[in-house]
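These notes are about the structure you will find just below.
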Amino acid sequence: MKSAIPPGPVLERITRRAFAHMIAMIHLANERPDADKTDPKVGGHPAACASSLDFLSALHLLVRRPGDFVCCKPHASPDDHALHHALGLFRHADGRWFDEAESEAVMARLRSFPHDGAPVFQSYHAEADPDSWRFLPSGSVGIPPVAAVYLALAFRYARQHGWDVDQPHFWCMMGDSEFREGSLLEVLPEVAERELGNVTWIIDYNRQNLDGTRIPNNRGLKGTDADRIEGTAVANGWEVIQLRHGSFREQVFARPGGAALRQVFERALTDYHYQSLLWKRDAGQMREAVLGHDKSCAKLLATLDDQEIVRLFFDVGGHDLPAIVRAFEQSRQDAHRPTLVVAHTIKGLGLECVAANGNHSAMPDEDEVKRILAAQGLSLERPFARFAASSPEGRFLAARGRDVRAGIEALEQHRAKNRQIVADQIAEHGGMPESLDINLKLAPTTHTQWMWGQLAAKLVRIGVYDELAKAGKEAKAGKAPTADEAKWHPLADLMMTMAPDVGTSTNINPGMDEKIFGPKHEENWEAKLDLHERLRPELAPTDEAWTRHIRFEIAEANCMSAAGSFGKLDWFAGIPFLPLMTVYDFFIKRALDQLYYNLYWNSSFVLVGTPSGVTLSPEGAQHSWKSDIQIPNLITWEPAFAIEMEWILCDAIRRHFSRDNKGRSGVLIRAVTRGVAQGLLLEWQRRQARWKRDVPAGAELGLTAEDGGLRESEVPHAPDAEILALLREHALAGGYRLVDWRGYRGYEPGENVVELFVMGALVPEAVRAAGLLLDRGVYANVTVVTSPDLLCGELARSNGYEHLTRTLAVNGRLHLRAAGKERGAPLGPGDAIDLAGRRVPIVSVHDGEIGLLDNLGSVVGVPQVAKAVVKFSKSGTPAHIYRYHGLHDEGIVSACGEALARTALEQVQLDPEATARLRVRQGASAGDWRELWPNPV
Ligand SMILES: Cc1ncc(C[n+]2csc(CCOP(=O)(O)OP(=O)(O)O)c2C)c(N)n1
């Protein structure tokens with residue numbers, strides 16, 4: 001697409017009109033008739049918008065191509081909307097473009113609620129905005145520019161792996177205070193190392209932030225912050241362009257003595273001093289400041305009148321349209337090196353609050369707004385009128401708008417085409433596969449992290465076999481995929497692993513070996529020198545099509561952003577990448593803001609948090625807290641047995657590729673490195689009455705000959721395949737019953753039954769506790785929770801906790817019994833005097849934050865005792881550590897005792913009339929449960 005005209009008065013006039021629209025937009029947002037006196041202030045950031053407007057105008061009106069991505073400091077979003085309004089780039093959700101009246105109407109709905117689905121703008125850029133095309137959401141500063149970097153990488157990866165994608169440029173604008181965010185500094189070296197030349201960062205260097213004028217320490221920094229920024233970026237491999245001066249300044253600098261004057265502006269004046277002079281706007285003080293640094297400038301200054309002196313001070317490069325356009329075009333030249341543009345600007349330019357210390361959210365009053373509109377021939381009656389179609393501005397905007405809209409529509413068609421290609425490939429390979437068939441026979445005792453490694457290795461092998469074989473690397477390619485495995489091929493081709501320097505320790509070596517994606521920037525020295533190590537991956541990067549792993553330094557936040565950006569490629573280009581990121585679970589919290597961002601913009605990705613929890617025991621002193629968080633659109637899983645890991649991962653993959661993951665597109669799977677005897681799973685299933693066959697009517701089961709039931713081991717059970725099929729269904733619905741005494745002799749809900757819920761690595765403890773309880777006559781059913789979200793969290797609430805209460809049949813039924821009466825004896829009216837009411841209590845136990853499972857009791861309506869990690873941990877064996885936290889078998893037994901004892905003291909409250917008739921003494925203390933279950937652990 002061509003830049004239709006060079007920057008000039010037309011561009012300038014469009015920008016000034018956009019300025020008026022931006023101001024009116026913020027003003028109207030603050031003047032809503034439906035606002036209540038007690039409502040929080042609406043606000044907006046006119047001054048911050050003013051400092052960015054000129055370079056955003058250059059970007060939108062000239063430089064940006066339709067496929068280019070933009071992200072912007074959040075509070076400048078009204079600038080983008082105003083420019084998009086000028087260009088006619090608003091759309092309905094169904095893709096129709098707004099007509100002029102609709103476009104004007106929505107401009108009055110910044111920060112407004114979408115009543116009846118009316119289009120609105122969120123406070124900051126959001127996917128729901130009518131102009132969100134290839135715009136990254138913003139709100140939390142410091143994150144979108146990083147997400148953009150990894151989108152650039154995702155596009156590069158797609159291209160190198162043979163996908164047909166466009167080649168966008170990534171324009172990221174941020175504030176100068178924002179640039180102090182660690183996330184931006186953390187990603188800086190990577191952009192250059194990954195040679196992402198299509199990334200341009202623009203710093204709105206207005207020397208102010210929310211609290212006021214920034215006062216960087218020139219003495220300490222040995223220069224201004226702009227110098228520091230440049231030095232930092234250059235040291236990290238970036239090109240830097242300082243947009244310091246406008247054309248007027250450059251003209252003055254070109255005169256005799258101008259070089260010395262330039263030095264004063266560039267090297268002598270501190271930001272604080274310069275900013276104060278802008279605020280003061282006093283030519284005399286300005287002259288004095290310059291001469292205070294260099295008297296030789298006197299002659300040149302004497303040639304300028306006071307107005308010109310003020311103009312000289314205000315003439316920064318970030319407001320000079322031709323200079324901006326040149327800088328942006330230049331930043332696009334080098335295909336391998338990213339560019340950082342420091343745009344020197346003035347906050348509040350064009351407003352009365354210009355350069356004032358406290359202008360960050362200062363609002364122009366109505367008179368000022370009216371004056372600004374009037375300068376454009378507009379008024380508050382119709383503030384958002386556009387240029388007449390016949391005017392030079394109208395003609396330019398119409399042509400540019402048409403080009404951009406056509407470009408967008410073409411890219412959308414391209415996206416649809418890519419999606420169709422993927423769908424066809426999946427269909428050609430036999431549809432969505434269900435299982436990866438990992439052979440567990442050779443691993444009778446293993447852990448979930450091992451299983452993750454098996455699954456990842458298999459997926460990678462299936463994905464890259466063809467590419468490696470084609471390149472003559474059969475030895476590396478491994479076994480050719482079987483016919484069943486080949487079904488996975490189109491899916492495996494779209495998956496990649498990534499890890500912040502924990503790939504080898506989270507079991508994904510095979511997926512890394514010679515498969516690190518990145519520019520091949522030097523000889524593979526280890527190969528050249530014939531250096532190999534058994535079972536260690538070869539790590540030299542290359543951008544060949546068989547690469548599958550994105551390697552990171554210890555930079556969890558970067559990796560998390562990358563997972564989000566790769567997982568967004570379906571949305572942007574129709575290529576449904578599914579990133580699989582491994583991370584030590586404890587360090588997910590390092591990247592929580594990035595995780596939140598990924599979930600907010602509906603990215604689709606899998607995080608494997610491993611190893612996790614205090615189960616890390618020997619390592620667990622400081623690493624003792626799971627990153628338990630509940631954010632919308634995140635589903636958390638915790639498999640206990642290896643096969644659950646396979647079920648969960650395969651289901652997540654299926655949901656991703658069939659886009660059946662609404663509200664759960666972020667998937668966090670927790671794993672551990674503690675082995676579990678895998679036989680436990682089927683052993684206890686086969687004992688359940690539900691799986692027993694040929695049980696005579698009315699017969700009850702027993703474990704031993706002594707307890708009088710049919711000896712369960714002698715009663716045949718259903719085939720394992722049948723058991724596993726239902727188990728899989730239940731596991732994927734949030735949990736399954738592992739130990740289930742229903743149908744066993746002596747099992748009496750309300751008397752001796754407790755529902756025990758356990759998650760992950762603690763399953764053996766829970767099963768042992770159930771055994772100990774049975775010795776004491778207590779029947780503890782053990783339910784394994786695979787996903788708290790599905791069992792008792794938000795995802796369960798939406799269906800009325802169906803899985804928990806209906807499928808697993810955990811209920812809050814009150815079992816009434818007249819004290820002293822035989823079981824089954826009929827109740828008479830007098831029996832109410834000694835009525836005891838009991839429910840089946842719940843005990844939950846898991847290695848994690850207590851809130852994950854502690855609402856089970858209230859969901860079901862029964863008392864609950866929750867055991868979880870509530871203090872920092874120590875190093876030790878799992879047995880030591882579980883005991884330390886009270887999560888060991890006796891701890892669980894004790895919790896069950898407490899729950900039962902509490903339940904035993906439940907009172908039945910009769911209505912007053914009945915009470916009077918029966919002369920029951922109501923309100924007497926029920927007693928202390930400890931008397932019923934002494935010595936709690
Ligand atoms: C992570 C984060 N912290 C704080 C804020 C609140 N906030 C919004 S704008 C702003 C100041 C921005 O200053 P600067 O980056 O210099 O941009 P300017 O508005 O001055 O152009 C702050 C603190 C935020 N949005 N995100």
Taking residue 476 and the conditions (1) among the charged types (D, E, K, R); (2) in a helix (DSSP H, G or I); (3) touching a strand residue (DSSP E or B) at 6+ places or on another chain (Cβ under 7 Å), which numbered condition does it fall short on, given that it satisfies the others?
(3)
Candidate set from segment 229-244 (those that are within 18 Å of residue 344 (Cα to Cα) and open to solvent by less than 20 Å² (accessible area, probe 1.4 Å)); member that is farthest from the chain's Cα centre (by Cα):
243
Pairs, first in contact (Cβ under 8 Å) with a residue 40 or more places away in the chain in segment 24-41, second open to solvent by 40 Å² or more (accessible area, probe 1.4 Å), C-beta under 7 Å, six or more apart:
29/42; 29/111; 30/42; 30/363
Can you find a residue that is farther than 20 Å from residue 519 by Cα and open to solvent by 10 Å² or more (accessible area, probe 1.4 Å) anywhere in segment 165-172?
no
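Here is a yes/no grid of residues against (1) in contact with a Phe, Trp or Tyr (Cβ under 6 Å, 6 or more places away or on another chain); (2) farther than 12 Å from residue 733 by Cα; (3) not in a helix (DSSP H, G or I):
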position: 764; (1), (2), (3): no, yes, no
position: 768; (1), (2), (3): no, yes, no
position: 774; (1), (2), (3): no, yes, no
position: 777; (1), (2), (3): no, yes, yes
position: 780; (1), (2), (3): no, yes, yes
position: 790; (1), (2), (3): no, no, no
position: 796; (1), (2), (3): no, no, no
One residue is enough: does segment 125-141 have a residue meeting the conditions open to solvent by less than 40 Å² (accessible area, probe 1.4 Å), aliphatic (A, V, I, L, M) and in contact (Cβ under 8 Å) with a residue 40 or more places away in the chain?
yes
Return the residues of segment 360-384 that are open to solvent by 50 Å² or more (accessible area, probe 1.4 Å) and modelled with pLDDT of 95 or more; say none if nothing qualifies.
363, 365, 366, 367, 370, 371, 374, 375, 377, 381, 382
Filter segment 196-207 for residues that are under 21 Å from residue 348 (Cα atoms) and of a type outside the set (Lys, Arg); which is farthest from the ligand (Cβ to nearest atom)?
202
Is it true that some residue in segment 544-557 is surrounded by 24 or more Cβ atoms within 10 Å (Cβ to Cβ), assigned to a helix (DSSP H, G or I) and of a type in the set (A, V, I, L, M)?
no
So in segment 19-34, with the set limited to residues that are open to solvent by 10 Å² or more (accessible area, probe 1.4 Å) and assigned to a helix (DSSP H, G or I), which one is nearest to residue 76 (Cα to Cα)?
19
Is it the case that residue 79 is within 16 Å of the ligand (Cβ to nearest atom) and in contact with a Leu (Cβ under 6 Å, 6 or more places away or on another chain)?
yes
Name the residue, out of 430, 401, that is over 31 Å from the mean Cα position of the chain (by Cα), on the phi > 0 side of the Ramachandran plot and open to solvent by less than 60 Å² (accessible area, probe 1.4 Å).
430
With the requirement that a residue be in contact (Cβ under 8 Å) with a residue 60 or more places away in the chain and part of a loop (DSSP other than H, G, I, E, B), what does segment 403-436 give you?
429, 432, 433, 434, 435, 436
Quick one: which residue in 313, 328 is within 20 Å of residue 175 (Cβ to Cβ), modelled with pLDDT of 95 or more and either within 16 Å of the ligand (Cβ to nearest atom) or not polar (S, T, N, Q) (or both)?
328
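Yes/no matrix, rows are residues, columns are (1) over 27 Å from the mean Cα position of the chain (by Cα); (2) β-branched (Val, Ile, Thr):
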position: 71; (1), (2): no, no
position: 85; (1), (2): yes, no
position: 98; (1), (2): yes, no
position: 120; (1), (2): no, yes
position: 123; (1), (2): no, no
position: 129; (1), (2): no, no
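Can you confirm whether residue 195 is among the charged types (D, E, K, R), surrounded by fewer than 22 Cβ atoms within 10 Å (Cβ to Cβ) and within 19 Å of residue 241 (Cβ to Cβ)?
For residue 195, the condition - among the charged types (D, E, K, R), surrounded by fewer than 22 Cβ atoms within 10 Å (Cβ to Cβ) and within 19 Å of residue 241 (Cβ to Cβ) - is met.
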Among the residues that make up segment 309-325, is at least one of them of a type in the set (Phe, Trp, Tyr) and within 19 Å of residue 213 (Cα to Cα)?
yes
Test residue 106 against the criterion of being at negative phi, surrounded by 15 or more Cβ atoms within 10 Å (Cβ to Cβ) and without any contact (Cβ under 8 Å) to a residue 24 or more places away in the chain, and give yes or no.
no
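Does residue 711 satisfy the condition of being charged (D, E, K, R) and either under 35 Å from the mean Cα position of the chain (by Cα) or under 20 Å from residue 882 (Cβ atoms) (or both)?
It is false that residue 711 is charged (D, E, K, R) and either under 35 Å from the mean Cα position of the chain (by Cα) or under 20 Å from residue 882 (Cβ atoms) (or both).
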Output for segment 788-826, where each listed residue is open to solvent by 40 Å² or more (accessible area, probe 1.4 Å), of a type in the set (A, V, I, L, M, F, W, C) and modelled with pLDDT of 90 or more:
795
Inside segment 334-348, the number of residues satisfying the requirement of being aliphatic (A, V, I, L, M), open to solvent by less than 50 Å² (accessible area, probe 1.4 Å) and part of a loop (DSSP other than H, G, I, E, B) is 1
Among the residues of segment 208-217, is there at least one that is away from the ligand (no atom under 13 Å from the Cβ), at negative phi and open to solvent by less than 40 Å² (accessible area, probe 1.4 Å)?
no
Return the pair list, or none, for Cβ contacts closer than 8 Å from residues in segment 333-360 that are charged (D, E, K, R) to residues that are open to solvent by 50 Å² or more (accessible area, probe 1.4 Å) and more than 15 Å from the ligand (Cβ to nearest atom), at least 6 apart or on different chains.
334/239; 337/195; 337/239
Members of segment 337-353 that are among the hydroxyl-bearing types (Ser, Thr, Tyr) and away from the ligand (no atom under 12 Å from the Cβ)
339
Enumerate the helices (runs of 4 or more DSSP H) found wholly within segment 98-195, keeping only those where 2 or more residues are within 16 Å of the ligand (Cβ to nearest atom).
144-160, 182-193
For segment 317-324, state whether one or more residues are surrounded by fewer than 17 Cβ atoms within 10 Å (Cβ to Cβ) and away from the ligand (no atom under 16 Å from the Cβ).
yes
What's the total number of residues in segment 842-866 that are under 29 Å from the mean Cα position of the chain (by Cα) and surrounded by 24 or more Cβ atoms within 10 Å (Cβ to Cβ)?
8
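The values are calculated or read from the model by the stated rules, or taken from the named source; none is laboratory data. Values in this document were obtained by computation on a predicted structure and should not be read as measured data. Ideal geometry is used to build each Cβ from the backbone, glycine not excepted, and the neighbour counts take in all protein chains shown. Remember, those area values only see protein heavy atoms, side chains included, never the ligands or the DNA or RNA. Shrake-Rupley method; radii C 1.70, N 1.55, O 1.52, S 1.80 Å.
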